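Below is one structure, written out as structure tokens, with a few remarks after it.
Laboratory data are not the source of any read-out in this text; all were calculated from the coordinates shown. Bear in mind the structure is a predicted one, so any value in this text is a computation, not a measurement. Cβ placement follows ideal geometry from the backbone for every residue including glycine, while neighbour counts extend to all protein chains displayed.
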Amino acid sequence: MSMQGVASPAFSFTPPKRNSLTHIPGDEGWPVIGKTLNVLADPKGFIERNAARYGHVYRTHMFGETSVSLLGPEANELALEDVARILASDSRRLHSLLRDQRLISGIGRAWANEILWVAQLSPYALSTQVDEAECMRLHDAIRSEMERGLELRLAGANDEKTYRVHNKLDRPCERCGTPIARVDFEEHTIFYCPQCQTEGRVLKDRRLSRLLK
């Protein structure tokens with residue numbers, strides 16, 4: 001999977017009293033540098049190995065700070081009730097919420113685009129305004145897309161064959177034929193179908209708007 005589809009670790013930096021964290025399982029690595037080199041060399045592998053060994057909450061040390069990793073439940077294990085609870089927990093845009101590893105573990109930028117396209121939901125829709133039917137579509141899309149992605153990757157499929165909306169700017173939507181649109185941010189890019197997901201509305205490109213001011 002390309003790094004665009006890989007979720008980043010979510011860390012909550014802890015108080016300076018290290019002995020207050022000794023009850024939390026984990027490995028702080030070498031003195032001073034801790035696990036910094038491990039994270040820089042293979043961030044996705046670091047997350048997976050530690051989550052498999054210690055669970056979704058574990059202690060580590062990197063970039064000069066002792067920290068606790070807080071990872072949400074695995075995306076492909078979410079029940080409908082879990083999705084509803086997560087949506088109600090904070091009023092945020094759906095694309096941002098799906099990428100928050102403290103809430104849901106395993107969804108990166110690319111798969112957030114794919115999931116929202118399948119669910120036919122706007123990336124800008126507020127989580128607390130998602131109704132019951134939309135919540136069900138989102139839950140089904142998360143499960144189906146995580147399964148589809150895993151199957152395709154195991155089969156050796158590349159990004160071009162795997163993604164249906166991500167990095168498909170101006171390509172016709174596979175569902176309705178409308179050209180896929182894009183919204184650029186400094187650290188990520190949203191791809192979506194204006195017809196299927198936003199009722200014909202083109203989402204504002206914040207970066208272009210700043211250049212035009």
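Here are the numbers:
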quantity: Other-chain or far-sequence residues with amide H under 5 Å of GLY29's (modelled H); calculated: none
quantity: Likely footprinting exposure, LEU80, LEU121, fewest C-beta neighbours within 10 Å first; calculated: LEU80, LEU121
quantity: GLU74 long-range amide H proximity, modeled H, under 5 Å; calculated: SER105
quantity: Nonlocal amide H pairs with CYS173, under 5 Å, H built at 1.01 Å; calculated: THR178, ILE180
quantity: Rounded to whole Hz, the Karplus (6.51, -1.76, 1.60) HN-Hα couplings of the range 190-195, x for glycine and proline; calculated: 9, 10, 7, 9, x, 7
quantity: Sites matching GluC sites (Glu not before Pro) across the range 117-213 that sit in DSSP coil, with at most 10 neighbouring C-beta atoms within 10 Å; calculated: GLU186, GLU187, GLU199
